Amino acid sequence: MPSDPMLKVSSVSTHYGPVQALHGISMEVYPGELVAIVGANGAGKTTLLHTLSRVQNASAGQVWFDGMEITRLPPHKIVAAGVCQVPEGRQVFAPLSVDDNLRLGGFTQRKDHHWFEQELERVYDLFPILKEKWQQAAGTLSGGQQQMLAIGRALLGRPRLLLLDEPSMGLAPLLVEEIFRIIQQLNEQGVTILLVEQNARAALGIADRGYVLETGSVVLSAKADELLEDEAVRRAYLGY
Amino acid sequence: MWDQILQFLFTGVTVGATYALVALGFAIIYNASDVVNFAQGEFVMMGAMCAVFLYSGSGLPLPVALLLAVALTIVLGMSFQRFAIARARGASVVSTIIITIGASIFLRGVALLLWGKDILAMPHFSGETPIQLGRATLLPQNLWVMGGTGVMVLAVHYFFHHTTLGKAVIACSCNRTAAHLVGINVGLMMLIAYGLSAFLGAMAGVLVTPITFTSYDAGVMLGLKGFSAAILGGMGNPMGAVAGGLLLGLIESMAAGLISSGYKDAIGFVVLLLVLFLRPSGLFGKASAERV
């Protein structure tokens, strides 16, 4: 890779009380890349994303974003720096309207009205169903619509690095395809993406590179198509 | 008979308006953090006591004393959040509630030490000439209480429904992790919630003290009544809390007038118990259901 990494994770460990969930994870994401992290349930994928956004504290190691250490920054400053996350299970603000959810997504960008209103239009164009239901409480949307809302909400935070946690979880196959198409499209428009997925085949299918996580450690990292060809990965995660 | 009822109505709305402000304070903190702040009544007392002492003790003009008292109480509420509640980060909701009970005892003790046990009075804002309405009378201060409450209720409603900051406070209560992830400074939102609740408490205190007087322990009863009102209206529903406050004030005043004034306080708590037995989510609350 010619340029410096946008995200650099070096030897990050995380504990839940006495239980160690991450064991010295190191990885990089370069500008413009789409990187997938695959692994089984409980491998530490969500914990890693929570540590990057610092809703979970790292017990050791450092996280660098654009050459700035963000390991100990409060979560809202990490978002303001341009790292936005679409959390696992959507986690929309259920009683608030679709529009309010999106507006809160732009909470750190609220001073820049011009950009915000433009981006809001773009998100509504990307997900026309949200525009149709803009006044409806977010909790009344279907799972797929909530996923679109969660992605739209993160886009309004003006991400330079978008973290996606299991965007396909609980969605019908057709919707999964749609969501992955949108993720790919966002990446082509220049958003750098770190995608965490149990659906390894779909994730590696659109990714440039991949990391395989097992019980809190990186066990493999390679180009996505190499991982798709890898015998061990195929047996463990792709099922053929 | 009807003149009397009208008189009870005026009294009920005035007292109810005070309960409404206290209940609104409960609802705001509950909404932002699921915590019932039992020091809410002490915010009322602190506002009133500060006002009395700033006015009579230092000879400040009344409006200045009132504003200063309210400002001091806001600072107190925010300091309480910063130094007592925020310090216990990671504590369960129940532990946090116990901290608020501790704070209420502490604040009462401080008031007792600073200002003694006397019952204290404050001048009416604009004279004591009664206004005759039919055969019932109304003091100008009653209008101050009703008007002041009305303005604040509208302002709070506007804040939560039409400003991004207000919605960010609500977002913290819906889903704290998601609030962090969209870049909301959750700590700051909690500070705002406590400051706003202290503001409402202090306003209730300074508005009603010319009529009801105050003392170091005046917050206990007001806090409990405000809590009853918040439960009656449906905990966590700000406008329900306001309706609950007004309703409780009316019920009390009618009961005191038509049955016996000895039962005035008892009625409030009988209402609380009935609501908890028959409709625990309150009159205007949504039945709570956890989605798993």
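The values are calculated or read from the model by the stated rules, or taken from the named source; none is laboratory data. Predicted model only: the values in this text are computed from it and were never measured. Virtual Cβ from ideal backbone geometry, glycine too; neighbours counted across all protein chains shown. When the accessible area is computed, the model is the full protein with side chains, heavy atoms only, and any ligands, DNA or RNA have been set aside. Shrake-Rupley method; radii C 1.70, N 1.55, O 1.52, S 1.80 Å.
Go through (1) within 14 Å of another protein chain (Cβ to nearest Cβ); (2) farther than 30 Å from residue A:41 by Cβ and name the single condition residue A:91 misses.
(2)
How about segment B:166-217: which of its residues are facing another protein chain (nearest Cβ under 8 Å), aliphatic (A, V, I, L, M) and surrounded by fewer than 24 Cβ atoms within 10 Å (Cβ to Cβ)?
Hits for segment B:166-217 are B:170, B:186.
Do you know which of the residues in segment A:70-88 that are in a loop (DSSP other than H, G, I, E, B) and closer than 23 Å to residue A:145 by Cα is farthest from the other protein chains (Cβ to nearest Cβ)?
Applying the filter and picking the extreme gives A:88.
Can you confirm whether residue B:89 is open to solvent by 60 Å² or more (accessible area, probe 1.4 Å) and touching a residue at least 40 places away in the same chain (Cβ under 8 Å)?
So residue B:89 does not fit the description; no.
Scan (1) facing chain B (nearest Cβ under 7 Å); (2) in contact with a Lys or Arg (Cβ under 6 Å, 6 or more places away or on another chain) for the single condition residue A:101 breaks and write down its number.
(1)
Looking at (1) modelled with pLDDT under 95; (2) open to solvent by less than 70 Å² (accessible area, probe 1.4 Å); (3) within 30 Å of residue A:109 (Cβ to Cβ), find the lone condition where residue B:74 falls short.
Result: residue B:74 passes all but (1).
Going by what's in this entry, would residue A:153 be described as crowded, with 22+ Cβ neighbours inside 10 Å and more than 21 Å from residue A:39 (Cβ to Cβ)?
When the stated conditions are applied, residue A:153 passes them.
Do we have residue A:75 as over 14 Å from the mean Cα position of the chain (by Cα) and open to solvent by 40 Å² or more (accessible area, probe 1.4 Å) here?
no
Report, by residue number, each residue of segment B:255-266 that is surrounded by 18 or more Cβ atoms within 10 Å (Cβ to Cβ) and in contact (Cβ under 8 Å) with a residue 24 or more places away in the chain.
B:256
Quick check on segment B:125-165: of everything there that is among the hydroxyl-bearing types (Ser, Thr, Tyr) and open to solvent by 40 Å² or more (accessible area, probe 1.4 Å), which residue is nearest to the other protein chains (Cβ to nearest Cβ)?
B:164
(1) modelled with pLDDT of 95 or more; (2) over 14 Å from the mean Cα position of the chain (by Cα): which one isn't true of residue A:160, the others all being true?
Every condition holds for residue A:160 apart from (2).
Tally the residues that are in contact (Cβ under 8 Å) with a residue 60 or more places away in the chain and of a type outside the set (Phe, Trp, Tyr), restricting the search to segment B:115-140.
Qualifying residue count for the region: 16.
Just the residues that are crowded, with 24+ Cβ neighbours inside 10 Å, β-branched (Val, Ile, Thr) and closer than 19 Å to residue B:143 by Cα, please, taken from segment B:1-43.
Residues satisfying the conditions are B:14, B:15, B:18, B:22.
Going by what's in this entry, would residue A:184 be described as farther than 21 Å from residue A:5 by Cβ, surrounded by fewer than 19 Cβ atoms within 10 Å (Cβ to Cβ), in contact with a helix residue (DSSP H, G or I) (Cβ under 7 Å, 6 or more places away or on another chain) and not hydrophobic (A, V, I, L, M, F, W, C)?
Criteria met by residue A:184.
Failed condition for residue A:123, given (1) open to solvent by 50 Å² or more (accessible area, probe 1.4 Å); (2) within 14 Å of another protein chain (Cβ to nearest Cβ), with all others met?
It fails just one condition, (1).
Considering only segment A:123-240, give the helices (runs of 4 or more DSSP H) lying wholly within it that have at least 3 residues that are touching a residue at least 12 places away in the same chain (Cβ under 8 Å).
Hits in segment A:123-240: A:143-155, A:173-188, A:200-206, A:224-229.
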